Every structure is written in structure tokens, then in C-alpha cells.
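Chemist: Encoded as C-alpha cells, here's the structure I'll be asking about.
None of the figures in this text is laboratory data; all of them are computed from the coordinates on show. Computed from a predicted model, the values in this text were never measured in an experiment. Note that we place each Cβ from the backbone using ideal geometry, even for glycine, and neighbour counts take in every protein chain shown.
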Amino acid sequence: MELHFLGTGAGVPAKKRNVSALAIRFLEGDGTVWLFDCGEATQHQFLHSPLSLAAVEAIFITHLHGDHILGLPGLLSSRSFQGAETPLDIYGPKGLEAFVIQALETTKTKLRFPIRFHVLAEGRIRDEEKLSVDALALDHPVESYAFRIKEQDKPGTLDAEALKAMGVPPGPLYAQLKKGETVKLADGRIVNGSAFLDESIRGRTVVIAGDTAPVKAMEAFASGADVLVHEATFASNKKDDAHLYGHSTIADACALAKRAAVGQLILTHVSSRYARNENEYRDEAAALLPNVIIAEDLFVFELEKAGRKKRD
Ligand SMILES: [Zn+2]
Ligand SMILES: [Zn+2]
């Protein structure tokens, strides 16, 4: 799983930081890409990355501010122009569909692929065999969400040889045993499946938050995540302004990461006020959380496969 930071600035583009966009590429499958937010010129950032627009299968929009959605019409148009015909799921707050449809109609853009729009609400918003996505409402002047992307745990392998040696006949029973269930054989013997399974592989969890002032519920939502991508628009001496406008400081994001015991915090949505000199910003982050990463445009974070864990 790779996280491609395509735009890491806040509000307005700066020379080195474009407005918000982040792509996840799932390496384990066929290289599917999910995009989170699509600020202006996100499609240009794709050109500087190894990602292709055709590989984008789902777009998740945290909120409807311009620095998170104004790149959408152009990106959709180019995806179509490049020949993509596969359906595209777009998740976003109410109003997103009207914006996209209006932009496409005004510019007489006909897409070669269908769009399936999904209006966001809290809770499970996408459920696949291998992945699930949950949404949590945040605190911003407009409706804004965080997303938790979770891989399902992969069950351990069943020791079929040992079961056969015990005279357990292959068949539907094995499916139950593979789930770790206890079954009763025809001859009355009781077999506990978990005793014949090796360790399962823990699914990875990535949490991506939209613009927000600190929200208490994020602690539980991000608890134990492998990666938390969180905005830190300002250094902490701008705390009052940050909270007034529905944003977080470096200290807010670091405190959340500690309380939620996340594996890796990655800061993004950095104000252009630090464009000339990021030292103040970087020094504070490093002092608060030594392993914190401050994302930069086109930075790629590789999230390794999680290790095996004991069955519990
Ligand atoms: Zn923003
Ligand atoms: Zn915003």
C-alpha cells in the first residue's frame, strides 16, 4: 500500500505545495488507486507521479471547500479523454454531485464512464471483501469528514493434514474450522478449529482526516491505526486562529496521535505562511513527536504488509 501525497498545502497553492489531494495505491491487487480530495491541478500532480487516472476507481471528498474539490471536473474529463470506461465511485458531502454535474454540463463534457455518487454520513460507507471504509464527522465551518480505511484480517491457514490424520473428513466442516469455530463430528468427537490454524495476518488501517479543529471522537476513530494523515495548518502559536477557523495546530495533531497510539503520524495541509521558511514549523513538529513526518508534494509513504498476529 502506497500513500502518494499530491497536494499538501492549505487554502491556496504555493510553489512547493499544491492544494489538497492524496492517493492510495493498493499494490497487492491490480494497482487500484483511491483518491482523497481533489484540489485544483490535482491532475497535473498525477503527471509528476507514477499513478494513472485510469487506475482511479474511487474518490473520497472530505468537504466542499474549493481547495479540496476544484480539481475534480478537469480530472474527470481527462480520465475520460484518456479512454477510461470503468465506473467511478465518488463519495462526498451533500452538494458534491450538483457541483460536478453542473461543471460537466456547462463545459459540455461527456464522460465515457458512469459515476456513482454516494452522499456521506457517519459510519460504514464502503464494504468490500478485503477493505472497509468508515466516515466520522469533524469540526469545520462546513460539513467535513475523516475516513478510516481498514484491510480485513487474513485468517490463518488451516492444517488440513493434521485434520485428515485425525480422520476428520474434508468438506463443509473445514470452512467452519477455518473460522476458528468448534464443531462436533458424526462420531461425537469435538474439534476446536482454532487449534489447527496458524497465526492470522493483521489488516492495516489508514486514517485520513479532512480539515478540522480538534475533535474528541477522533481518538477512538484513529485508535491503533498504522497511519494517521492529519491536517496541521498552523504552528501552535496560531492556536486561536486555527481553532476559530476550524483547523488544527501541530500540537493538536501530535497530541491526537499519541492518545490514539497510532504507528505513524503524517502532517499535511500546511499553511502557505510557512512557504518561505518552514523551519519554525519543522522544529516544533520534531520537538513534539520525533518520528512525525511532514508531507511534501509527491512524497510517497510505503506502508508495509502487517505482520502475523496470534489468534485471539
Ligand atoms: Zn483546506
Ligand atoms: Zn476547509
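Chemist: Short version: ³J(HN,Hα) in whole Hz for each residue of the range 256-262, in order, from phi by Karplus 6.51 cos²θ - 1.76 cosθ + 1.60 (θ = phi - 60°), x for Gly and Pro, what are they?
Modeler: 4, 4, 5, 5, 8, 6, 7
Chemist: By average Cβ neighbour count within 10 Å, what is the ranking of 61-74, 39-52, 168-181 from highest down?
Modeler: The packing order, highest mean first, is 61-74, 39-52, 168-181.
Chemist: Could you calculate the FRET efficiency of E161 with K184 from 1/(1 + (r/R0)^6), where r is the beta carbon distance between them and R0 is 25 Å, rounded to 0.05?
Modeler: It comes to 0.70.
Chemist: If you plug each phi of the range 283-299 into the Karplus form 6.51 cos²θ - 1.76 cosθ + 1.60 with θ = phi - 60°, what whole-Hz ³J(HN,Hα) values come out, in order, with x for Gly and Pro?
Modeler: Once θ is set to phi - 60°, the couplings for the range 283-299 become 4, 5, 4, 5, 6, 7, 8, x, 9, 5, 10, 9, 5, 10, 4, 6, 5 Hz.
Chemist: Next question, about the same structure. Taking +1 at the Cβ of each Lys and Arg and -1 at the Cβ of each Asp and Glu, which of G180, V133, L75 sits farthest along the dipole of the chain towards its positive end, judged by Cα position relative to the Cα centre?
Modeler: My answer, from the dipole projection, is G180.
Chemist: Would you calculate, for the chain, the mean residue ellipticity at 222 nm contributed by helices, counting each DSSP H stretch of 4 or more residues as -39,500 (n - 2.57) and dividing by all residues, to the nearest 500?
Modeler: -6000 deg cm²/dmol
Chemist: Full extension from A275 to K305: what is 0.36 nm times the residue separation minus their Cα-Cα distance, to one decimal in nm?
Modeler: Gain on stretching A275 to K305: 7.3 nm.
Chemist: Most fluctuating residue of R79, R148, R17 in a GNM of the chain with Cα springs under 10 Å: which is it?
Modeler: Maximum fluctuation in the GNM of the chain, among the listed residues, is at R79.
Chemist: Quick one: Karplus J couplings for the range 235-248, per residue in order, coefficients 6.51, -1.76, 1.60, θ = phi - 60°, nearest Hz, x for Gly and Pro?
Modeler: Each residue's phi maps through the Karplus curve to give 6, 6, 6, 10, 4, 4, 4, 4, 5, 4, 9, x, 10, 10 Hz.
Chemist: Also, quick follow-up: Based on Cβ point charges of +1 for Lys and Arg and -1 for Asp and Glu, what charge dipole magnitude is obtained for the range 81-208 about its Cα centre, in debye rounded to the nearest 20?
Modeler: It works out to roughly 220 debye.
Chemist: Semi-axes, largest first, in whole Å: what does sqrt of 5 times each Cα gyration tensor eigenvalue give for the range 96-169?
Modeler: So the equivalent ellipsoid measures 45, 20, 7 Å along its semi-axes.
Chemist: Run the simple label-point estimate for D283 and V142 please: 7 Å along Cα→C-beta, distance reported in nm.
Modeler: 3.6
Chemist: Round to the nearest 0.05 the FRET efficiency obtained for A98 and S78 when R0 = 30 Å and r is the Cβ-Cβ distance.
Modeler: Computed FRET efficiency for A98 and S78 comes out at 0.90.
Chemist: Could you pull out the pairs from K130/K164; K130/K305; K94/K150; K216/K239; K258/K305; K216/K258 whose alpha carbons sit more than 19 Å apart here?
Modeler: Violating the 19 Å Cα-Cα cut-off are K130/K164; K94/K150; K258/K305.
Chemist: Against the 2.2 N^0.38 Å scaling, with N counting residues, where does the chain land? I'd like the Cα-based Rg ratio to two decimal places.
Modeler: Ratio of Rg to 2.2 N^0.38 Å for the chain: 1.15.
Chemist: Modelled label-to-label distance, D153 and L64, 7 Å Cα→beta-carbon offset: nm?
Modeler: Those two pseudo-labels are separated by 4.0 nm.
Chemist: Spin-label point model (7 Å from Cα, Cβ direction): what's the E28 to A220 distance in nm?
Modeler: 2.7
Chemist: In addition: Indicate, rounded to the nearest 5 percent, the antiparallel portion of the DSSP beta bridges found entirely in the chain.
Modeler: 60
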